[in-house]
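> First the structure, which I've put down as structure tokens, then a few questions once you've had a look.
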Amino acid sequence: MIDKISKPKAASLGLQHVLAMYAGAMLVPILVGGAIGLNSTQLAYLIAIDLVTCGIATLLQMWKNRFFGIGLPVVLGSSFVAVTPMIAIGTNYGMTAIYGAIIAAGLFLIFFAKFFSKILKLFPPVVTGTVVLIIGLSLIPTGVKNMAGGASSPSFGSAENLMLSIGTLFVILLVQYFGKGYVKSLAVLIGIIVGTAVYGFINPIDFSTVGEASWFHLPAPFYFGIPTFEIGPIITMLIVGIVVMIESTGVFLALSDITKQKLSPQDMERGYRAEGIAFLLGGIFNAFPYNTFAQNVGLVQMSGVKSRSVTVSAGVILVCLGLIPKIAALATLIPTAVLGGATVVMFGMIVSSGIKMLSTVDFANQNNLLVIACSVSLGLGATVVPELFSSLPPALKMLVGDGLITGSLTAIFLNFVLSLKHSKKEQLKVSETSLVSQGGN
């Protein structure tokens, strides 16, 4: 594990992490703000405060102490799981109810982190490997859509988008193959820079958004008003919090395997509590619920750099981007197709990590095969066919409508049930052996 690297190297590697998750971090406030009718000034605030809070949340996880912080190289971002619930709450109850619900969910996660940490025994290698595999598989469709220019792009699937994305991927692979040491670890960043530069030669880049952005932006608590606490929105956001914990568990265990750091229940408790604090900050500063970003796990695996100083740098960069919107606006100039070419390989690396974790599983055991088969099928099925659970009640649909959650819950439940059955059989065999032995005596 690389523990000591220079500050300039940590900063450039941290920037690579930021660019890997930047599109996702920007998309959530744009989706939510647009759906609930925010004006341009309010939307600009939402994007800026989201970046600041992403950075703070990341730093909280890096600051490993008695109470919070898992200390793994994780980067946190606004949770996509919360998008639909936030839009529904905002439409029916107003903006203030969104943040009252997020604050309540954050407090719940903080105080129940110890309880969540006890579920670590439900994640043997067959479950963790399957969950990580599903994480990668569920992200790949997003990466492929971005390669084509983004799902809503009028030029979706155009030759230009495909050339840009494949060219970016090709540059990353070249740097990975021929690069040495530090240069090799920057493969994704180099690919994004080259891809954006090529796009600039083909199409003039519009810098007007950079020119219009302000130089400094100070976060303001309760920007959209004093939070209100409604029972319906709170229950909805509590479900979101539980779903986020399940997602984060898979990411934590994947990074534990990559970095060769064994996690204890106390480590998991501190990690969950840090995410609860991130929720709380999101509610106070009128931002979002936060969770660990899976795409950054693929970047850790691919770059081979596992130092916490890199993700600390990423957290600091995110805070600076949020405080200085003019700089943040530069990152919006990166073409979606370029980001797609960069992220699709990282999502594939997450799949590889899952397969590697599964390599330790006993495949002669039929129960393990059933856990993997059912979990991957349902998880991938819910991702590719999201309308699968469209007839369910809203709260239940939100819980299982995400392919990752569907697959993860299936893996946990099946492994638990089949393990119980296996244990009972073993106990029965022991009892029968004991009776035969006593009869012989």
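The values are calculated or read from the model by the stated rules, or taken from the named source; none is laboratory data. If you're wondering where the values come from, they're calculated on a predicted model, not measured in any experiment. Cβ: placed from backbone, ideal geometry, glycine included. Neighbour counts: every protein chain shown.
> Quick check on segment 165-181. Is at least one of its residues of a type in the set (Phe, Trp, Tyr), out of contact with any Lys or Arg (no Cβ under 8 Å at 6 or more places or on another chain) and closer than 22 Å to Leu409 by Cα?
Going residue by residue through segment 165-181, those that are of a type in the set (Phe, Trp, Tyr) are 170, 177-178.
Right, trim to out of contact with any Lys or Arg (no Cβ under 8 Å at 6 or more places or on another chain) and you get 170, 177-178.
Right, trim to closer than 22 Å to Leu409 by Cα and you get none.
No, because not a single residue in segment 165-181 is of a type in the set (Phe, Trp, Tyr), out of contact with any Lys or Arg (no Cβ under 8 Å at 6 or more places or on another chain) and closer than 22 Å to Leu409 by Cα.
> Just wondering, is there one or more residues in segment 126-133 that are assigned to a loop (DSSP other than H, G, I, E, B), closer than 24 Å to Phe288 by Cβ, touching a residue at least 40 places away in the same chain (Cβ under 8 Å) and among the aliphatic types (A, V, I, L, M)? Working first, answer last.
As a first pass, look at segment 126-133 and keep what is assigned to a loop (DSSP other than H, G, I, E, B): none.
No, every residue in segment 126-133 fails to be assigned to a loop (DSSP other than H, G, I, E, B), closer than 24 Å to Phe288 by Cβ, touching a residue at least 40 places away in the same chain (Cβ under 8 Å) and among the aliphatic types (A, V, I, L, M).
> Gly157: buried (at least 19 other Cβ atoms within 10 Å of the Cβ) and over 30 Å from Ser117 (Cβ atoms), yes or no? Spell out the reasoning first.
Working: buried (at least 19 other Cβ atoms within 10 Å of the Cβ): no; over 30 Å from Ser117 (Cβ atoms): yes.
In short, no.
> Would you mention how many residues in segment 53-112 are part of a helix (DSSP H, G or I), farther than 13 Å from Tyr272 by Cα and in contact with a strand residue (DSSP E or B) (Cβ under 6 Å, 6 or more places away or on another chain)?
Let us first name the residues in segment 53-112 that are part of a helix (DSSP H, G or I), namely 53-62, 80-93, 95-111.
Among the residues that remain, those that are also farther than 13 Å from Tyr272 by Cα are: 53-56, 59, 80-93, 95-104.
Applying the additional criterion that residues be in contact with a strand residue (DSSP E or B) (Cβ under 6 Å, 6 or more places away or on another chain) yields 54.
So the answer is 1.
Matching residues to (1) at pLDDT 75 or above; (2) part of a helix (DSSP H, G or I); (3) farther than 29 Å from Ile258 by Cα; (4) among the β-branched types (Val, Ile, Thr):
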position	(1), (2), (3), (4)
Ile372	yes, yes, no, yes
Ala382	yes, yes, no, no
Lys397	no, yes, yes, no
Ser408	yes, yes, no, no
Ala411	yes, yes, no, no
Lys421	no, yes, yes, no
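> Let me ask another. Starting from residues that are small (Gly, Ala, Ser), modelled with pLDDT under 75 and part of a helix (DSSP H, G or I), keep the ones in segment 293-350 and report whichever is nearest to Leu76 (Cα to Cα). If you could, list the steps in order and put the result at the bottom.
The initial filter retains those residues of segment 293-350 that are small (Gly, Ala, Ser), namely 294, 298, 303-304, 307, 309, 313-315, 322, 328-329, 331, 337, 340-342, 348.
Going one step further and asking which of them are modelled with pLDDT under 75, we end up with 294, 298, 303-304, 328-329, 331.
So of that shortlist, the ones also part of a helix (DSSP H, G or I) come out as 298, 303, 328-329, 331.
Values: Gly298: 14, Ser303: 18, Ala328: 17, Ala329: 20, Ala331: 18 Å.
Top of the filtered list is Gly298.
> How many residues does segment 134-168 contain that are of a type in the set (S, T, N, Q), modelled with pLDDT of 80 or more and not in a helix (DSSP H, G or I)?
Step one: of segment 134-168, the residues of a type in the set (S, T, N, Q) are 138, 142, 146, 152-153, 155, 158, 161, 165, 168.
Next, from what is left, pick out any that are modelled with pLDDT of 80 or more: 146, 158, 161, 165, 168.
Going one step further and asking which of them are not in a helix (DSSP H, G or I), we end up with 158.
Qualifying residue count, segment 134-168: 1.
> Could you please tell me which pairs satisfy a Cβ distance under 8 Å, a separation of 6+ or placement on different chains, a first residue in segment 358-375 that is touching a residue at least 12 places away in the same chain (Cβ under 8 Å) and farther than 12 Å from Gly129 by Cα, and a second residue that is among the charged types (D, E, K, R) and in a loop (DSSP other than H, G, I, E, B)?
Correct list of pairs: empty, since none qualify.
> Here is a further query. Checking Ser117 against (1) of a type outside the set (A, V, I, L, M, F, W, C); (2) assigned to a helix (DSSP H, G or I); (3) more than 20 Å from the chain's Cα centre (by Cα): exactly one of these is not met. Which one?
(3)
> Could you check segment 223-252 and list, in sequence order, the residues that are under 26 Å from the mean Cα position of the chain (by Cα) and on the phi > 0 side of the Ramachandran plot?
Passing the criteria: none in range.
> Considering only segment 196-206, I want to know if a residue exists there that is at pLDDT 85 or above, among the hydroxyl-bearing types (Ser, Thr, Tyr) and more than 26 Å from the chain's Cα centre (by Cα).
Scanning segment 196-206 turns up at least one residue that is at pLDDT 85 or above, among the hydroxyl-bearing types (Ser, Thr, Tyr) and more than 26 Å from the chain's Cα centre (by Cα).
> Which residues, counting only those in segment 263-281, are more than 16 Å from the chain's Cα centre (by Cα) and under 14 Å from Ser78 (Cβ atoms)?
Leu281
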